[in-house]
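First the structure, in the form of structure tokens, and then the observations on it.
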Amino acid sequence: MTTHTVRPDSILDALAIELPSWAFGNSGTRFKVFGTPGTPRTIQEKIADAATVHRLTGLAPAVALHIPWDTVDSYTELKSYAADLGVRLGTVNSNTFQDDEYKFGSLTHTDKTVRQRAIDHHLRCLEIMTEIGSQDLKVWLADGTNYPGQGDIRGRQDRLAESLAAIYQHVGEGQRLVLEYKFFEPAFYVTDVPDWGTSYAHTVALGDRAAVCLDTGHHAPGTNIEFIVAQLLRLGKLGSFDFNSRFYADDDLIVGAADPFQLFRILFEVIRGGGLAPDSDLALMLDQCHNVEAKIPGQIRSVLNVQEMTLRAALVDTAALTAAQETGDVLAANGIFMDAFYTDVRPQLASWREGRGLPADPMRAYAESGYQEKIEAERVGGTQTSWGA
Ligand code: RM4
Ligand code: MN
Ligand code: MN
């Protein structure tokens, strides 16, 4: 096996993965949401947990908000609260999927009043972004239909385009609208933004401040996600990632847990496409839930998985790979690719961490930190937060 010197220290130094506030709250399935001692009751407690992940890994400097779940009276106060803990507030996620009025759609609704309410919600999100200095408004819509004939597919696209344009007018300088797609659920027949092509078409029509958000769990089984990554980077329209992993549907499991090789292939295309270059504005985020596993270690494990696969992907000997590709040596090319994937980079990463004053083993450092015991003792009373509230 060929070994390669770690070329990509700069890639590692620049790697930043935003954490979703909702990953720290309770979550579950429609069957049961389990409570866990120490679960945050407020957005401040979620931010404190996220800051702990960052302190131990150096990888997670930002926390994404979901509005209205993370509504507060003063966002400027929340911003400085986060800054005091060493993190910043990141992506603002809009939410038009939990109100009765959105039963038949939000930005696509046939009723102009409902559409306007959904547009206004996004404008409020943009205001919050301005207050906290956040770059991205992430739009994921539950809009869609369950039965053939239920809605006018074309009409819904037209209304969507119109609503998005109304929001986009207010996207300020240094801000972006990222449009997330998902092939099904909660709608089971037509989803109004089901795939990257639809998201691409809408964001191209909007302009330079709009781009696609790729959630790794939002594709049909067998979809070649790295191809989508390569294509969108090539087109300059990959705005952000929601990382997670899946065995079946939108499982929101720990990234890299279900299919580490897929994560490797995705990150190889990210690097190949300049997504981790200094001038890149690609945003990496987790979108996960921890139903049965501990949440803070779950987030630590997640960012470490991304870091590990990033380093492995950066180890691909691209010069040798290109040579093998160009001479048609299929097996050599594949071998070079697999060599990097099979490289155990954990010792290298441990020393990278030590070199930066971070614990060599963040999982162990968390277990020994006493933080979990402290939050379990302190966070009594109140209502634990959970996904959707
Ligand atoms: C959706 C989508 C969004 C996230 C919500 C909570 O499935 O992935 O990114 O904001 O879930
Ligand atoms: Mn997502
Ligand atoms: Mn999802």
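Across segment 283-293, the qualifying residues are those that are within 16 Å of ligand 1 (Cβ to nearest atom) and part of a loop (DSSP other than H, G, I, E, B), and the one among them that is farthest from Asp317 (Cα to Cα) is Asn291. Can Gln299 be described as crowded, with 22+ Cβ neighbours inside 10 Å, within 16 Å of the chain's Cα centre (by Cα), assigned to a loop (DSSP other than H, G, I, E, B) and among the polar types (S, T, N, Q)? Spelling it out, it is not the case that Gln299 is crowded, with 22+ Cβ neighbours inside 10 Å, within 16 Å of the chain's Cα centre (by Cα), assigned to a loop (DSSP other than H, G, I, E, B) and among the polar types (S, T, N, Q).
Which residue is nearest to Val139 (Cα to Cα), if the candidates are limited to segment 68-122 and must be buried (at least 17 other Cβ atoms within 10 Å of the Cβ) and of a type in the set (Ser, Thr, Tyr)? This residue is Ser94.
Scanning segment 73-123 for residues that are small (Gly, Ala, Ser), away from ligand 2 (no atom under 16 Å from the Cβ) and farther than 22 Å from Arg156 by Cα turns up Ser74, Ser80, Ala82, Ala83, Gly86. Taken together, Asp329, Asp344 contain a single residue that is within 28 Å of the chain's Cα centre (by Cα), among the acidic types (Asp, Glu) and surrounded by fewer than 20 Cβ atoms within 10 Å (Cβ to Cβ), which is Asp344. Can you confirm whether segment 243-250 contains a residue that is among the acidic types (Asp, Glu), in contact (Cβ under 8 Å) with a residue 60 or more places away in the chain and touching a Gly at 6+ places or on another chain (Cβ under 6 Å)? Checking segment 243-250: at least one residue is among the acidic types (Asp, Glu), in contact (Cβ under 8 Å) with a residue 60 or more places away in the chain and touching a Gly at 6+ places or on another chain (Cβ under 6 Å).
Against the list (1) within 22 Å of Glu269 (Cα to Cα); (2) part of a helix (DSSP H, G or I); (3) of a type outside the set (D, E, K, R), the condition Ser163 fails is (1).
Look at segment 355-380: where a residue is farther than 14 Å from Asp49 by Cα and at pLDDT 95 or above and a partner is of a type in the set (Asp, Glu) and in a helix (DSSP H, G or I), sitting 6+ places away or on another chain with Cβ atoms under 8 Å, you get Ala360/Glu354. Exactly one residue out of Ala294, Ala283, Ala340 is closer than 29 Å to His218 by Cβ, touching a residue at least 60 places away in the same chain (Cβ under 8 Å) and within 16 Å of ligand 2 (Cβ to nearest atom), and it is Ala283. With respect to the conditions (1) outside any loop (DSSP other than H, G, I, E, B); (2) touching a strand residue (DSSP E or B) at 6+ places or on another chain (Cβ under 7 Å), Pro347 falls short on a single one, namely (2). Residues that are of a type outside the set (S, T, N, Q) and either touching a Gly at 6+ places or on another chain (Cβ under 6 Å) or closer than 14 Å to Leu267 by Cα (or both) within segment 309-337 comprise Met309, Leu311, Arg312, Ala313, Ala314, Leu315, Val316, Phe337, listed in sequence order.
Of Gly274, Gly239, all but one fail to be in contact (Cβ under 8 Å) with a residue 40 or more places away in the chain and farther than 18 Å from Pro20 by Cβ; the exception is Gly274. Taking the listed residues Gln150, Gln157, the one that is outside any helix (DSSP H, G or I) and at pLDDT 95 or above is Gln150, with no other qualifying. Please verify whether Thr322 is in a helix (DSSP H, G or I), farther than 25 Å from Leu214 by Cα and among the β-branched types (Val, Ile, Thr), treating the condition exactly as stated. So Thr322 passes the test.
From the list Gly275, Gly256, pick out the single residue that is closer than 25 Å to Gly28 by Cβ, more than 16 Å from ligand 3 (Cβ to nearest atom) and not in a helix (DSSP H, G or I).
Values: Gly275 fails: closer than 25 Å to Gly28 by Cβ.
Residue meeting the stated conditions: Gly256.
Report the residue count in segment 294-345 for those that are touching a His at 6+ places or on another chain (Cβ under 6 Å) and of a type in the set (A, V, I, L, M).
Adding up the residues that qualify gives 1.
The values are calculated or read from the model by the stated rules, or taken from the named source; none is laboratory data. What you see is a predicted model; the values in this text were computed from it and never measured. Using ideal geometry, Cβ is built from the backbone for each residue, glycine included, and neighbour counts are taken over all protein chains shown.
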